[in-house]
Each structure stands twice: as structure tokens, then as C-alpha cells.
1. For q = 0.19 Å⁻¹, what log10 I(q)/I(0) does the range B:331-390 give under the Debye formula with an equal point scatterer on each alpha carbon and no solvent?
2. Give me the accessible area of B:W281, 1.4 Å probe, in Å² rounded to the nearest 10.
3. Quick check: convex hull over the Cα atoms of the range B:77-158, volume per residue in Å³, rounded to an integer?
4. Going by a ≥ b ≥ c, the root eigenvalues of the Cα gyration tensor, does the range B:53-110 fall in the rounded group (a/c under 1.5), the prolate group (a/b larger than b/c) or the oblate group?
5. From largest accessible area down, sort B:R214, B:R71; use a 1.4 Å probe on the protein chains.
6. Let me see the pair-distance distribution of the protein assembly as shown: every alpha carbon pair, 10 Å bin width, integer percents in order.
7. Relative to the Cα centre, what is the charge dipole magnitude of chain B, using +1 at the beta carbon of each Lys and Arg, -1 at the beta carbon of each Asp and Glu, and rounding to the nearest 20 debye?
8. Among B:W274, B:A305, B:Q285, which residue has its Cα furthest toward the positive end of the charge dipole of the range B:269-320, with +1 on Lys/Arg Cβ and -1 on Asp/Glu Cβ?
Amino acid sequence: MRNAAALFALGLLAVMPASPALAYKVYVSNEKGNSVSVLDSDSMEVIKTIKVGQRPRGITISKDGKFLYVCASDDDTIEIIDTSSYEIVGTLPSGPDPELFVLSPDGKRLYVANEDDNLVTVIDLEKRSVITEIPVGVEPEGMGVSPDGKTVVNTSETTNMAHFIDVEAHEITNNVLVDSRPRFAEFKQDGSEVWVTAEIGGTVSVIDTKTHTIKKKIGFEIPGLAKEAIQPVGVRITKDGKKAFVALGPANRVAEIDGDTYEVKRYILVGQRVWQLAFTPDEKYVIATNGNSNDVTFIDVQSGEPVKSTPVGELPWGVVVQPQ
Amino acid sequence: MLVIVLGLLALLGLAAGPAAAFADEVKEVRIAYVHTLERGRITLSVLDQPPADLGLAGLRVGINDNNTTGRFLKQGFLLEDVPLKPGEDPVPVVERLAASGTHFIVTDLPAADLLKLADAALGKEMLVFNAGALDDSLREQDCRANVIHTAPTYTMLADGLAQYLVWKQWRNWFLVTGSHPADKLWGDALRRSAERFGAKIVAEKEFADTGGARQSDTGHAQVQRQMPVFTQDVPDYDVLVAADRSEVFGTYLPYRTWLPRPVAGSAGLMPSSWHPSFEGWGAAQIQNRFEKAAHRRMLSEDMQAWTAVRMIGEGATRTQSVALKDIEAYIKAPEFSIAAFKGQKVTLRDWNLQLRQPVLLGDGRSVVSISPQEGFLHEFSELDTLGIDRPETSCKLQ
């Protein structure tokens, strides 16, 4: 049924450029609420709330959209949720306190940051087993994967490095020192750069993936706000690499950055303590999780305007949208 | 008596003899922890007994953290524990450490001993971190250019508490101070804070230490009768603020006051640089790491020591050098900052080398609030609403 509806909508799009956006399901993990809120990207309303394990944070979805993976941090596990029944259908051996992870481009592996053990755990999704563990710096958190799937970048929050990991060899090849408390790593789709946020340092380091050097350090200034309140966390970059969005934590804003010039174009006011971001597959919206105001904000990517804020569960943390 | 703590040597796959050094290519940083061995002092509650490895456990976790990062840079960190007997002269220790190539000393010493140590270290290639003493004098008239303070001061703690009490509209205080010198310093700081933030001390009493055992078999019966009588006959007040650093009466106050009023200061709601239950701002990670290593919860002295070691580690990482002059210059530079699970970067006050930091307010079970409170503004940093600020300082660093 859903496929038919999607096809119908696609058909409409082809003939009517000004047609409404496609409806995608948006999944938000609520850290304090122990739940995942499901929203419809068209109505921007919550359509379902799924009860999950303790302290859900990192959240991602299988390439076919059938399974949702949620880090239940305080249960030391990753829960697998069937997106058609909204039932928890299994768990993955995550190692202790899983917080953030990233799916390999082929959808077969999950790379998990285990903060307590200074490890990155590689999980085979089909076998639901651990392939290997890679020692990294103190408090691994951010996880990015290159579009070709060959490199994983992990950030360690106390060591303050971006560790480049060769996926085949399961070895660190390069360490790039960045500013304090790196929280997130995001590759450009052409694989040329990886952007790393530093929450306490207040910057984004743009790392050249060929030379493994920082080619640009992006800073932020918001009139009337103390510098300490600007704490970059989540980053998303459009497929064409032209626009980047950075969530600025207690600054309650998302920065829009020119992907070529690295210039901050605007600060978009969202809710309180904004941490993570996700695009809809058509890149019409980027959705921001506002932890302290218990809502998510839909931002229009084209105009950079906030369109709507929708209340979700308690302390929304991560967000993922179903694939195309 | 020296104990070399080997940190991650074994993990690093290096030879670990009693005087082990890292392999040739690994550059080492030696850190000594000099502290007075007065652990196990008697407290009113047995739950407040300081653990034997107070502070030291924080250093060990910091050393492990530095060594994990050091793996990527071929830097290794070594810890030497140097306990002093109360009253023992720290000068020979400084001489010996200097001769053995130790450039960094982290201390938890009484103010007078710390000054002796700092003055002995002057002119040697050494930098001292005060991770224990709260005395404002060490940051004011007795400040030293070779001493960095990761411990907060009495005035910082008092201001953090006062901001919250004022925010709660508990402006009328009944101040009870102990009769020991440390109690008086703490009482002075609280008095200053009251004036600074618009609270009023409507009554004040001294609780004299008349000696005697802290615990006795039926002591509770006497305490139950003694404390209401002691807190009687004062004008009405909103909150009783106790200054009892010496563990003579503070713990006995809550639930026993003549009027039903909350207690703060040295009992009830207490300000501190850290709290064993605090898990916000990513702190769950350091708490878990600490508990795994030390088999107990992390206390303020542990956090202050951890922060000192992390500052040294951060300096070594950022400058890619283990030389004292490079690390010291990095830490003392105006742009220096470090992440220490305090919700924002913590930095040094350049006028007295005091670490700016938020103050946690806890009741023994959980964190009730964190100061600075919203609305207490400052032209430079809101953290400078805590403690003696630049315009008031009497410190002349040299």
C-alpha cells in the first residue's frame, strides 16, 4: 500500500513541480523518555511512539528502511525495531554504553563507539555478531564513514582526535588533533572532506581526507550570546556538498554553512539544546532535535527557515529518516 | 617512601621494572603527587570518611587517559605518589624530585606547606598544581607564579551557594561557624557572599569545639536534645548556613534545628567542585571510568587532581612536546581551555592562575543545582561571578 502511495506521489511530482513533498517517516530517540517518536515528514506530526530500552541515543536505519537500530545506552545493547510493526525484534551485541554508530554504505556493518572502553566495535548485521574491536582514544563518540566505505572516522572526546580507521585492516591510519570534545564526524558525499565538530572548543574542523590535515576551522559568533554557549554537535551536508548544517547545542541555533567557502550564511533559531540533525531523502527538510525543549524543528533546506517545531518525547537526542 | 605508579606501562607493552621508564622512542612526563597523609581523620558520619586514595585515584585515571592519548604521539606519563607526614618539611622532597627530572607536582597540602613547597620549586624547572587547598590567600596575597589552582576557593564555593539561596529567595541566613581556623575562613567567605548577593545574616553563632568523641554508643540521644537548644533564641531566618570544615557539628544540624528550616554550607545543601552522583555534560563517562579503576565514586579532590593531570596532558598533546617550558606556556596562554565535564570550557584566571569552574550544589544524594545561576551576569565570564574577581584581587604574580 505504502509503495503504491509513494509511486502515486512520485507520479504527481513528475507532472506538478509545486506538488507537496513526499511523506517520509522520521524517527527520533528520546533519551529521557525511553522511547522513539515516529513522525510523518509531510504533516510533521507524531504518528506513533515506540517504547524502547533505557536511555536511547544513537539511532539509524537499514538501507531498505525495514529495521531501525537504536543504542539503548544504559541497557548496553542496540535494539532492532521492525519499522512495519514497530516491535523490537532483536538486539545487537554492542559492547558497554553504546552512544553513536554509523552504518556502512553497503548496509552490512555497523561501526559503534563504546565510550567506556575506548573502543570502536564493528558489528556484522546479518550474523548479529562482533567482527572486531579497534582501540581508539579516550571516550570515542562521533562516527563517520566515507562514501566508498573504506574509511571510518571516529572522534574521541577527551583525546581530542579524529581517528581515521582503515576498514579492511581494522587499523588506525591517521590521527588528526582537533579542538576540545569532538562529538561528530560527517563526510562530504564526494569523500574529499570530513567535518568534525568540537563541542567545548566551539569549532568545526574541515579535514582534507587526502592529506589528513585541517584545511579550515570554522568558528561561530552570535551577537548577545556568550562564546561558551556555542557548542557544535551534529553536522549534515547536502549530497552536492553545497550546504552544511551544524547544530549548536545550548546556543539553540542551527548554523547554515556554505560548503564551498565555509562561510556561515545564517543562524536558524530552533529549540533548546539542539544536538542532532537529519535530512529527508529529498533534502527538502533538515530536522533538528531540541533536547531541553522536548521538540524537533523542521527546517526548510532551500530557504533556511524553520517551518515547524513538533513536541516529541522527553529529551530528544538522535534523529533518522527512512531512506527513499 | 616512594611508590612508582606504572599507569599503562604494561598495556603499552613496555618493560615495567620498579624504576621503569618508557622505551626510548616514548618521551616521558613525570608527575608527582605530594600530599599530607591525614586520611582517615574522624568525621561525624562514617559515610564521610575520606578514602585512602582520595585524590590519588583521580590522578591515576588522568594518567591512564593521558597515556591512551599518548600512544598516538609517543608520549608516556608516569606518576609518583609522595605522601608526607603531617608537618613534614616538603623542601627535601622538592630537591629530590627536581634531581630525578620530575617537572610537575600536583599537591593536596595545607596552605603553609604548599607555600614552602612552591618556594622551594621556584627557580627549578617545576610547575605546581594545587588540587586540594581552598584558601583564598593562596590566590591572593600569597599567590605564586609557579602554582596553578585546580581546587576552587572558599569564596568560589560560598558564592556558588549564595547565588542559589538568593535565587530561592532564602535571603535571611542564620550563620553558624566552627571554632577552628578553617571554619573561620569558610565562615568569612560565606559572610562576604551574603553581602555580595544581597542576603542578610540575621543571626550568627559560634559552635565551639569542646573536644570529646565524635561517636559514642548513645550519642545520638544527646545530639537530638543539644542541637534544637543551640539553634534556639535567634530571630526568624530562611536557611541555616553552617561553616564546619572541622567536622564538629555540621552533620548534626539537619532535622534538629529549633525552627523547621533547611541547612546549607557544611551540611544539607553543600557546594563542591564535583559530586559523586553527577552524570550530566557527559560526566557519566568519567564517573564510569573512575569507578571501574578505583572501585568507588569520584569525589571533588579526585576531580581536581584529574583536571591537573589532564591540563599537563593537554599541554603535551597540543604542543607535541614534553618540555616543561612548552607545556607551561601552553597552559598559561590566554587562549588555554580544557574540557572537564563542566558543561563549558574551563579556563585560567590570568591574574592568579585559578581555574574558573562551575560550582555544584549537592545534598549528599544528588546534584540540586549548578552555579553560576541564571541572571548573575558578568562582562567577561559568568564563571567570574564566583570568587574574588580581577578588580578585587590582591595577587601580584611573580
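The values are calculated or read from the model by the stated rules, or taken from the named source; none is laboratory data. Keep in mind the model is a prediction, meaning the values are calculated, not measured. Ideal geometry is used to build each Cβ from the backbone, glycine not excepted, and the neighbour counts take in all protein chains shown. Areas reflect the complete protein model, heavy atoms only, side chains present, ligands, DNA and RNA absent. Shrake-Rupley method; radii C 1.70, N 1.55, O 1.52, S 1.80 Å.
1. For the requested q values the scattering log ratios are -0.75.
2. 120
3. Numbers: hull volume 7.7 nm³, N = 82.
Here the figure is 94 Å³ per residue.
4. Working: a/c = 3.87, a/b = 1.63, b/c = 2.38.
Oblate shape, in that a/c is at least 1.5 and b/c is the bigger or equal ratio.
5. Numbers: B:R214 65, B:R71 100 Å².
Output order, biggest surface exposure first: B:R71, B:R214.
6. 3, 14, 23, 23, 18, 12, 5, 1, 0, 0
7. Details: 41 positive and 49 negative charges, 115 e Å.
Computed about the Cα centre, the dipole is about 560 debye.
8. So the residue furthest toward the plus end is B:Q285.
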